[in-house]
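No value in this document is a laboratory result; all are computed from the given coordinates. Only a predicted model underlies this, so the values are computations on that prediction, with no experimental measurement involved. Positions of Cβ are backbone-derived with ideal geometry, glycine not excepted, and every protein chain shown enters the neighbour counts.
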Amino acid sequence: MIRPLLVAANWKMHKSSADVSAYFDAFDRAAPAPRAGVEVAFFPPFPLLEAVVRATRGRRHASVGGQTCHWQAQGAFTGEVSAGMIADTGARRVLVGHSERRQLFGETDETCALKLRAALAAGLEPMLCVGETLEERERGSARAVVLRQLTRAADGLTREESARLTVAYEPVWAIGTGRTAEPGDAEEMHAAIREILATLSSPETAGATRILYGGSVKPDNAAVLLGQPDVDGALVGGASLDPHGFAAIVAAACG
Ligand code: 13P
């Protein structure tokens, strides 16, 4: 099963509209030419979604997504953005259950399940983020935590819905800390995630699902992580803010 690698930039709460065209000019100069087998995605803050959709229009290997969504289509939910509103900008993806959302904004497995379904109903491709805290890893429950997060969110999807799911394994202790998972540990968790996906959907669908690694991915550690058989891409925070750094990670994916 050949899965195209997906290298994704999560800009979190960074950048302004004035930065977008300079970013893509620099990225275009620094990044290798788009090629089959490597895709890129950008997750900017909501106010920049349309500008990034415009900046990437016509690029077959690029897609854009929101960083979260509400599970209702509309309503009196001040400050929230629905999956349909994200789709309306021309974006194709949305992150669901990023650990910062879980830890700082009270998202639970239950709300992640609702958001995942709302994203699918709006025609988006959700990227479900899972990952254990340091305490959970030290307690030896990393695998159980990740598999619980995955099962609670993704159980009961139709075949077509499962086919639109991407998973990002982001150990919380590796996010923004400069510490990455050992490539072997990442591979072990990715393989476990794929096994569970096979039971939740089918071995064929699980074999085609991209499982990205996230957590302090940098130009100098990307190649070894992306070289693991079940690591199908990277979800990059800090290093994606610099177009040259992000281009170098894309280059690592291109081999
Ligand atoms: P860093 O790459 O800054 O560790 O962030 C990872 C992340 O949270 C991507 O979603």
Original post:
Of T133, A83, G65, which is farthest on the positive side of the dipole of region 56-169, counting Cα position, with +1 on Lys and Arg Cβ, -1 on Asp and Glu Cβ, and the Cα centre as origin?
Top reply: G65
Original post:
For A22 and Q74 in one chain, what is 0.36 nm times their gap in residues minus the Cα-Cα distance, to one decimal in nm?
Top reply: 15.3 nm
Original post:
Going through region 6-55, which trypsin sites (Lys or Arg not before Pro) have at most 14 other Cβ atoms within 10 Å and a DSSP loop state?
Top reply: R35
Original post:
Per the helix-only calculation at 222 nm, which mean residue ellipticity applies to the chain, given -39500 (n - 2.57) for every DSSP H run of n ≥ 4 and division by its residues, nearest 500 deg cm²/dmol?
Top reply: -12500 deg cm²/dmol
Original post:
Which ³J(HN,Hα) values in Hz, rounded to whole numbers, follow from the phi angles of region 78-87 under the Karplus curve 6.51 cos²θ - 1.76 cosθ + 1.60, where θ = phi - 60° and Gly and Pro get x?
Top reply: 3, x, 8, 10, 8, 4, x, 5, 5, 4
Original post:
How far is it, in nm, from the label point at T108 to the one at D220 when both lie 7 Å from their Cα along the line to the Cβ?
Top reply: 4.3 nm
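Assuming a ≥ b ≥ c are the square roots of the Cα gyration tensor eigenvalues, decide whether region 1-80 counts as rounded (a/c under 1.5), prolate (otherwise, with a/b larger than b/c) or oblate.
Here region 1-80 falls in the oblate category.
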Subject >> Student exercise, region 1-150 dipole from Lys, Arg, Asp, Glu Cβ charges, in Debye to nearest 20 >> reply: 480 debye
Subject >> Point-charge dipole on Cβ atoms (K/R +1, D/E -1) for the chain, about Cα centre, debye to 20 >> reply: 560 debye
Subject >> Between region 134-200 and region 22-40, the Cα center-to-center distance that results, in Å >> reply: 28 Å
Original post:
Using a ≥ b ≥ c from the Cα gyration tensor of the chain (square roots of the eigenvalues), is it rounded, prolate or oblate, where a/c under 1.5 gives rounded and otherwise the larger of a/b and b/c decides, a/b for prolate?
Top reply: rounded
Subject >> aspartates and glutamates with Cα under 12 Å of K15, excluding same-chain neighbours fewer than 8 positions away >> reply: D242
Original post:
Using modelled amide H (1.01 Å from N, peptide plane; none on Pro or chain starts), what sits under 5 Å from the amide H of R210, excluding residues fewer than 5 places away?
Top reply: V167
**OP:** Taking only Cα atoms and a 10 Å spring cutoff, compute GNM fluctuations for the chain and point out the largest among Y213, Y23, Y169.
**Re:** Y23
Subject >> Interchain or long-range residues, amide H under 5 Å from H70's placed H >> reply: V81, S82, A83
**OP:** Have a look at G65, G237, G123 and tell me which one the Gaussian network model of the chain (Cα, springs below 10 Å) gives the largest fluctuation.
**Re:** G123
Original post:
Within a Cβ distance under 9 Å of P243, other residues only, what is the Lys/Arg minus Asp/Glu net charge?
Top reply: -2
**OP:** Using Cα positions and a limit of under 23 Å, work out the lysines in reach of K115, with same-chain residues fewer than 8 apart set aside.
**Re:** K12
